[in-house]
Each structure stands twice: as C-alpha cells, then as structure tokens.
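These notes concern the structure reproduced below.
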Amino acid sequence: MGDEIFSVYLTPADYSKLAYAKLDLPASPWKLLDALDKVRLPEGDSLYLEITDYRDFEVLRSSLVCSATNLLELNDLAERLSRLNEVQRIAFEGLVRVDFQKQESITLKRLRDLAESVDCCHVVESVVSDGQLGRFYAENGFVPEVEGMSDAAFELLDFEKVGKMARMGECGVYVPSGISGLGGYVVQHSDLKSAPEITLNQPVEPAYTIHLRLTAHHDNLPFAGTDVVDLKLPAEDNALEMAVRCLGYVDWGAVECTCLDCKVPQLAEHITNAVPFETIERLGDVLAQMSAAALPAYKALMTATHCQNIVDALDLAEQLDEYILSPSIASPEDAAAEELAFILPEKAAKMIRPHINLHTYGQALLASRSNIQTEYGLLERRDGQSIQTIGQQKQEPQLGGMELG
C-alpha cells in the first residue's frame, strides 16, 4: 500500500451496537477484512462509512456521499491516488474542479476514472492566476503576436487578459497551492480513461496468510540477483528456495523481511524482520489452518494479552480453545443488557432498563468477571480466571522456601 489518503470510520447503519472500526485507506485485503470483523455487521444491515480525514484531497469532501460509499471502491480510489506523484495530483484535482463546474457532485466511479486519467492533462506548475498564465504563454511561444516585440513593449502587455483568454479557450483550471505547497494550471489534452468496474460489495479473503517483501543488501558488486522479492506464505519449498536464490543468498540469515499484509494485522509490525525466518514461516502455516470462525477470537486474544512477539503469538494459537469470544457484546451497555435479559423475565427487563445506568452496571459486571472488552467483542476464559497479559504471565512469582543451614 502507498501513502495514507483517507481515514474512515465504519459502523453498522442501524447504530444498535457500539461496534465500530477506524481505518486508513488504502488498506490491504486483510486489513479491510479485519475492519469488518470489528464492525460485526448484523445480517441484513448495511455499512455506514464516514470519511474523517481527507488529507491532501479536501477538494473531494463535497463529492463523496459517505453513507452511500462502497468501501472497496473508496479503497481503490485511495490506492490510485497514493500512486500519483506531485504533478499528477495537481492534474487529478484539476480534473475534479472541471467536473465541479459542470455538476454539483461527482460519483465515486467518476473519481476513479479521473484518477486513471491524470496523464491526459498538461500541468503548468506554480501557475495559479491569469496573470501568471498569460506571462508563461507569452514567454514560451504560445502567443505568436508577441514574437519580435522589444522587452519594454513586452512588459506593457496585459498578461492577465492574455491568460484569461487562454484559460477560457482551453477550459483550463487553476489548482491552488495545497498542503504540499505546489499548485498549477491544468488543461486536458486527450480523452479521459475509464477505471475497471468494481462489482463486489465485500472484500474477499486473499490466498495468502502473510505477504512479505524480501530485501537483499550486497556490498560486493556487480550482483546478478534481484534486490527485492515479494513472497506470499504459506509457500512450497521450491518457492522459498527460489526467493532466496533470486536475492543472491544461500540461506535466510541475511534476508530482511517487511510484512505488507497479514491475516492478523496487529502482528504485521512484529513479523517485519522477525528472526529466524522459520518462525515467520511457521506462523503462516498456523494462520492458514485457522478457521474464519476462530480468527476474531484469536485477534481479540492478541489484543487482550498485548502480544508483541511472534513466538508468543504461536503459543497463544495453541491456547485458543481456553477462551470464549462474544461478538455481540460491543460495550459495557451490551453486557448489562444481556445480563438483565438472563436474570429477569423479558417484560421486567424491558421495564427496568430505562432506570438503570447500563454503562456503569456493565463495567461492574465486566470487572467482577475478569472479562476484557476488545474491538472484536467480549473475551473471557472458559475457566473464569483473569486474562493475563504476556508480561504478567512471564513475571509470575516463583514459589520457593528458605533453606536451613
């Protein structure tokens, strides 16, 4: 993924639960799926999406109708925008401004088309007014009438008028200086392109569990191998051997690993440069065997135990059966409501709920049961014991006695 373009807030459209997710786009496939695991969208409900930060693309604020925005389409737009260089970003904003002159709003599909079409424009950097455009055109041979004119006469020209005539004739637009500090004049020179249609409404699980970028650094030149290789786990032995050979190594000892995506996204930063490589390979195999139903509980366990080590993550995978995740409980209020429904008849529970501080009651329930509220739901141990962090587990005092001499 490239630079972060948008920040979004996701939640079920009916707001009956406090389940939500915050996500930066563009996001990798597993990060998209992870966000939906946090939202826990009820069957039949739709996803509410709100863009909370447009960063360099504030020009899009009025055109993106958040609640009707398709997450996959928005992610595709963000990915396209993240690949643009500075001049291409000026071209994109110029195309958007031209469309705004024709209509009040622009569809997401149209924005994706415009991002695909940035090379269909000429961009004159740092020219943001008719006067600047007129001088640029006159100085660079675009105004034949000024050829052979003396310098003194040239400076008497009405550059603003020249620029205005050129802009209106070409249907060009100015893009003011933004966060990057660079603006410019944009004019379309060829037909726009069309971005591929996106027909899916939900992200699809990728075929890999871990996506790695392998990097080699060689002191001795020339070197016949490549410097960077992408590898997706689980992988066959011959694919692993080929990756090492392409980097010019005979083993994994000197290979630098960067995790681009992972089935458990919170482990990605800990996978990067984890050693030995066999540990990463083993994690890829374990995640491949983990069912879709067990995955949210495992991610909740990673969060609850503050797991920050691949070896510890492998150990926790073997302990997963000792825990229970209740995805329907997204807040202390949900825990309180569920408890009232369990201990009281339906009519009585409905009557008493408006007179109880459900948040405070729910917090007390969670504390008394040693449960932990996570982004994926309520996590608890089957044996009723407290859930300990990895640090607490490793710091348990050892029992011992005094020795008599």
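When you look at D45, is it open to solvent by 10 Å² or more (accessible area, probe 1.4 Å), at pLDDT below 95 and in contact with a Pro (Cβ under 6 Å, 6 or more places away or on another chain), yes or no?
Numbers: open to solvent by 10 Å² or more (accessible area, probe 1.4 Å): yes; at pLDDT below 95: yes; in contact with a Pro (Cβ under 6 Å, 6 or more places away or on another chain): yes.
Spelling it out, D45 is indeed open to solvent by 10 Å² or more (accessible area, probe 1.4 Å), at pLDDT below 95 and in contact with a Pro (Cβ under 6 Å, 6 or more places away or on another chain).
Of all residues being small (G, A, S), touching a residue at least 40 places away in the same chain (Cβ under 8 Å) and outside any loop (DSSP other than H, G, I, E, B) in region 1-49, which is farthest from M302 (Cα to Cα)? Just the residue, please.
This residue is S7.
Can you report the number of residues in region 307-324 which are part of a loop (DSSP other than H, G, I, E, B) and under 14 Å from K394 (Cβ atoms)? Walk me through it before giving the result.
First, pick out the residues of region 307-324 that are part of a loop (DSSP other than H, G, I, E, B): 307-309, 319.
Pick out the ones that are also under 14 Å from K394 (Cβ atoms) and you get 307-309.
Adding up the residues that qualify gives 3.
Considering only region 362-380, how many residues are open to solvent by less than 20 Å² (accessible area, probe 1.4 Å), under 29 Å from the mean Cα position of the chain (by Cα) and not β-branched (V, I, T)?
4
Yes/no per residue for (1) part of a strand (DSSP E or B); (2) open to solvent by less than 20 Å² (accessible area, probe 1.4 Å); (3) in contact (Cβ under 8 Å) with a residue 60 or more places away in the chain; (4) not polar (S, T, N, Q):
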{"position": "V187", "(1), (2), (3), (4)": "yes, yes, yes, yes"}
{"position": "N201", "(1), (2), (3), (4)": "no, no, yes, no"}
{"position": "G248", "(1), (2), (3), (4)": "no, no, no, yes"}
{"position": "G253", "(1), (2), (3), (4)": "no, no, no, yes"}
{"position": "T258", "(1), (2), (3), (4)": "yes, no, no, no"}
{"position": "Q266", "(1), (2), (3), (4)": "no, no, no, no"}
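With a cut-off of at least 2 residues that are surrounded by 16 or more Cβ atoms within 10 Å (Cβ to Cβ), name the helices (runs of 4 or more DSSP H) lying wholly within region 68-184.
Values: elements: 71-82, 86-102, 108-116, 130-139, 151-154, 159-170.
Those helices (runs of 4 or more DSSP H) span 71-82, 86-102, 108-116, 130-139, 159-170.
Hey, does region 307-318 have a residue that's surrounded by 14 or more Cβ atoms within 10 Å (Cβ to Cβ) and within 13 Å of T374 (Cβ to Cβ)?
Yes; the residues of region 307-318 include at least one that is surrounded by 14 or more Cβ atoms within 10 Å (Cβ to Cβ) and within 13 Å of T374 (Cβ to Cβ).
For region 1-42: of the residues being surrounded by fewer than 15 Cβ atoms within 10 Å (Cβ to Cβ) and over 11 Å from the mean Cα position of the chain (by Cα), which is farthest from L77 (Cα to Cα)?
Of everything passing the filter in region 1-42, S16 is farthest from L77 (Cα to Cα).
Please tell me if R83 is farther than 20 Å from Y174 by Cβ and in contact with a helix residue (DSSP H, G or I) (Cβ under 6 Å, 6 or more places away or on another chain).
no
The values are calculated or read from the model by the stated rules, or taken from the named source; none is laboratory data. A quick note: this is a predicted structure, and the numbers were derived from the prediction, not measured. Every residue, glycine as well, gets a Cβ built from its backbone with ideal geometry; the counts of neighbours run over all protein chains shown. Keep in mind that these areas ignore ligands, DNA and RNA; they rest on the heavy atoms of the full protein, side chains included. Shrake-Rupley method; radii C 1.70, N 1.55, O 1.52, S 1.80 Å.
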